[in-house]
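Data block below; observations after.
The values are calculated or read from the model by the stated rules, or taken from the named source; none is laboratory data. Keep in mind it's a predicted model, so treat the numbers as computed, not measured. Cβ sites come from the backbone with ideal geometry, for glycine too, and all protein chains shown count toward neighbours. Side chains are part of the model used for accessible areas, which takes the heavy atoms of the whole protein and leaves out ligands, DNA and RNA. Shrake-Rupley method; radii C 1.70, N 1.55, O 1.52, S 1.80 Å.
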Amino acid sequence: MRTPHQKRILVQSVAIGISVLVLSAGCSTNTSSPPAAKLERVTAGADSATIPIRITDNREHKKQIRQDFQQPMAEAEMNEQSLSDHTDALAQPAPSINSVLTKPATARELVQLLSKEHTVQVIKNTEKYQQLDSNPVIRVADQSTSTFSIDVDTGAYANVRRFLNSGQLPPADAVRVEEMLNYFRYDYPVPDSTEVPFSIHTELSHSPWNANTRLLHIGLKGYEVNPANRPAANLVFLLDVSGSMADTNKLPLLKSSINMLTKELNEHDRVSIVVYAGASGVVLEPTAGNEYRTISKALNKLQAGGSTNGEAGIELAYSLAEENMTDTSINRIILATDGDFNVGISNIDKLKTLIERKRKSGIALTTLGFGTGNYNDHLMEQIADVGNGSYAYIDTLNEARKVLSEELTSTLLTIAKDVIIQIEFNLTQVSEYRLLGYVNRRLANEDFANDKVDAGEIGAGHTVTALYEIALTGDGGEWNSESRYKQDQKVLPDAALGDEIAEIRLRFKHPEQNSSELIKRQVKRSSLIDNLTNASPDFRFSAAVAGFGQLLRQNKYLDDFNYEMAAELASDAKGADRFGYRAELVQMIDLADNLDQQRQANVVSPNKIQIDENEG
């Protein structure tokens, strides 16, 4: 048992952003007293570890505060003895600031001081992400077919950037590889006609993280529409003005973003604004899109306050959109919020059911996420999926420009709906495969031909990219052990199909149709590009993005692949980069590399802060 002079207070690390600020408050009239304590700040971010904080004689300036990062904890926990010590400390009369800072300070006194003087700020992190495991390696002999819905969301990429720019590695569940891939545009061939609304591109080359496996790159490119020829838009902006939206990176950024979008509209478009907090209401009746001043004036009057009744706002927004629909208009609700619904329906499954019912009216729902700390990524991504829309996260005004100005036509105009991809691998050519990303977009194989199954939409000019890592037979890239009891493979593909490694099948519906159409493409082993450096820039860049995403998720299939290799691969494949998005990715990889090195160097014991107290 420890003596009263040598105790340890174990404090379980709290979520993102615990800040302890020790200040000198007030002045001593004794000029002979020692100098005031040095200002120190301790922050436990998304990555925190057990770190010793030793408090010694302040006059000798021996106070040492060291910090480290590990994964965030959603709630604070203390062990039984620690809680008892902490409670006892708070029960004692609080010492004055000067008395603590001008004599040896104990940990108990520090707890009293910081608690009574309110100099400890604990920010509880309530960000929500769907827990997703990475896709497994599958033996073709066990299951030769893989089916998934396409996805054009980009929110995860911008959210990862927000974490890195704030000096934190993102939680693994915040990283969705497909959204990182689809953040970028790729130079795929444009479709020949609008009858088949997108082209299909395939490329086969080596994997950068495993010398014995290959990457199968699949790309779709939607036909493009001149903005001048875009149908009139019936837009309802559903804006969260609850108290949680008061921060500068929430409602103020939201208003600037929507103002930017409205500058891209014309006299044929109609704009309405619905707001919600504890209650909901219409702040702008349907207004011509070129009435910029009227729209801007309505936006600028908005202020944050109150609780968040998202359900009421959604109901009102759909009602207003229905009133202003025409036979030819683009009908879309744009929901901008941090997703922190706390009044009315807040359960994700119930909200999805509500939106599934509403989408049958022909009105799509796009979600724009804002803010940190209480951000509900899970909600924003899921309701956009069921609302036949897309999900983006707005962390900067430049991201707002990308989503709401540069890519506005893609965001608004759907050219194909319920798009499903199915791959069947040839057992004689491929032994194993692994789909990178699209974890929550996987479908049962029997869903491929079922027109009642909801799937993703493609907007005008959108590109969609998917990667499979495959082990070709005879190349030694298998992860699974060889089966002792092999199944008798009596049925083999025709000799004429021997060179085919896979058949790619796509089903889609035109926006006005309820029956799907089928497209097929074959990929041959002879198309393999032997050297990765000879693959196209888009292939190499997408491989770098996928590798980066897997590194952030600490994927177990990457062998010795690291951040430096991902950055070099991406840097060499930037190609034409007008807006600098690809160059920014390289910077993000370098930043993640530095943060990862810092984490590995400083880890002592995860998820705890340890304070040593020496009262003697």
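Pull up all non-local amide H partners of E500: gap of 5 or more, or a different chain, and H-to-H distance under 5 Å with H placed in the peptide plane.
The list, which skips near neighbours in sequence, is R525.
For A211 and F579 in the same chain, what is the full-extension length gain: residue separation times 0.36 nm, less their Cα-Cα distance, in nm?
Length gained, A211 through F579: 129.2 nm.
State the Cα centre-to-centre distance between segment 566-602 and segment 179-212 in whole Å.
21
Label segment 416-457 by shape, choosing from rounded, prolate and oblate, from the square roots a ≥ b ≥ c of the eigenvalues of the Cα gyration tensor; if a/c is under 1.5 it is rounded, and otherwise prolate applies when a/b is larger than b/c, oblate when it is not.
prolate
Starting from the 7 Å offset along Cα-to-Cβ, what nm value, one decimal, do you get for the label separation of L427 and S481?
Placing both labels 7 Å beyond Cα along the Cβ direction yields 2.2 nm.
Work out, step by step, the length gained on full extension between T202 and L532: first 0.36 nm times the residue separation, then minus their alpha carbon distance; give nm to one decimal.
Residue separation times 0.36 nm, minus the Cα-Cα distance, leaves 117.3 nm.
E356 label point, 7 Å along Cα→Cβ, cut-off 17 Å on backbone N: hits in segment 426-446?
Counting only backbone N, you get 440-444.
Can you put H268, H510, H217 in order of accessible area, largest first, using a 1.4 Å probe?
H268, H510, H217
Could I have the simple spin-label model distance between R293 and Q131, label points 7 Å from Cα toward Cβ, reported in nm to one decimal?
In this crude label model, R293 to Q131 measures out at 5.6 nm.
What is the distance in Å between the Cα centroid of segment 223-266 and that of segment 387-443?
So the separation of the two Cα centres works out to 21 Å.
What does the C-alpha gyration tensor say about the overall shape of segment 474-589? Classify as rounded when a/c is under 1.5, otherwise prolate if a/b is larger than b/c, or oblate.
Judged from the Cα gyration tensor, segment 474-589 comes out oblate (a/c at least 1.5, b/c at or above a/b).
Testing the spin-label approximation: label points 7 Å from Cα along Cα→Cβ at L397 and D451. State their distance in nm.
It works out to 4.8 nm between the two label points.
Kindly provide the chymotrypsin sites (Phe, Trp or Tyr not before Pro) of segment 516-598 that DSSP labels as loop, not H, G, I, E or B, and whose Cβ sees at most 15 other Cβ atoms within 10 Å.
Loop-located and lightly packed - F579.
Using a ≥ b ≥ c from the Cα gyration tensor of segment 205-279 (square roots of the eigenvalues), is it rounded, prolate or oblate, where a/c under 1.5 gives rounded and otherwise the larger of a/b and b/c decides, a/b for prolate?
oblate
Rounded to the nearest 0.05, what FRET efficiency do D559 and E195 give with R0 = 41 Å and r taken as the Cβ-Cβ distance? Could you check?
0.40
At 1.4 Å probe size, put D395, D499 in order of accessible surface, largest to smallest.
Sorted descending by solvent-accessible area, the residues read D499, D395.
Loop-only GluC sites (Glu not before Pro) in segment 209-274, please: DSSP not H, G, I, E or B, and at most 13 other Cβ atoms within 10 Å.
E267
Compute the length gained on full extension between E568 and N602: take 0.36 nm times their separation in residues and subtract their Cα-Cα distance, giving the result in nm to one decimal.
9.6 nm
Could you pull out the GluC sites (Glu not before Pro) across segment 498-597 that fall in loop regions by DSSP (anything but H, G, I, E, B) with no more than 11 other Cβ atoms inside 10 Å?
Of the GluC sites (Glu not before Pro), the ones in loops of segment 498-597 whose Cβ has at most 11 other Cβ atoms within 10 Å are E512.
Find the centroid of the Cα atoms in segment 515-529 and in segment 309-385, then give the distance between the two in whole Å.
Going from one Cα centre to the other spans 36 Å.
If you roll a 1.4 Å probe over the heavy atoms of the protein chains, what accessible area per residue do you get for segment 189-238, in Å²?
Per residue, segment 189-238 has 37 Å² of solvent-accessible surface.
Got a sec to turn the phi values of segment 190-197 into Karplus ³J(HN,Hα) couplings, 6.51 cos²θ - 1.76 cosθ + 1.60 with θ = phi - 60°, whole Hz, x for Gly and Pro?
Here the 3J(HN,Hα) series is 7, x, 6, 8, 7, 5, 10, x Hz.
Take L379, L595 and sort them by solvent-accessible surface of the protein heavy atoms, 1.4 Å probe, largest at the top.
L595, L379
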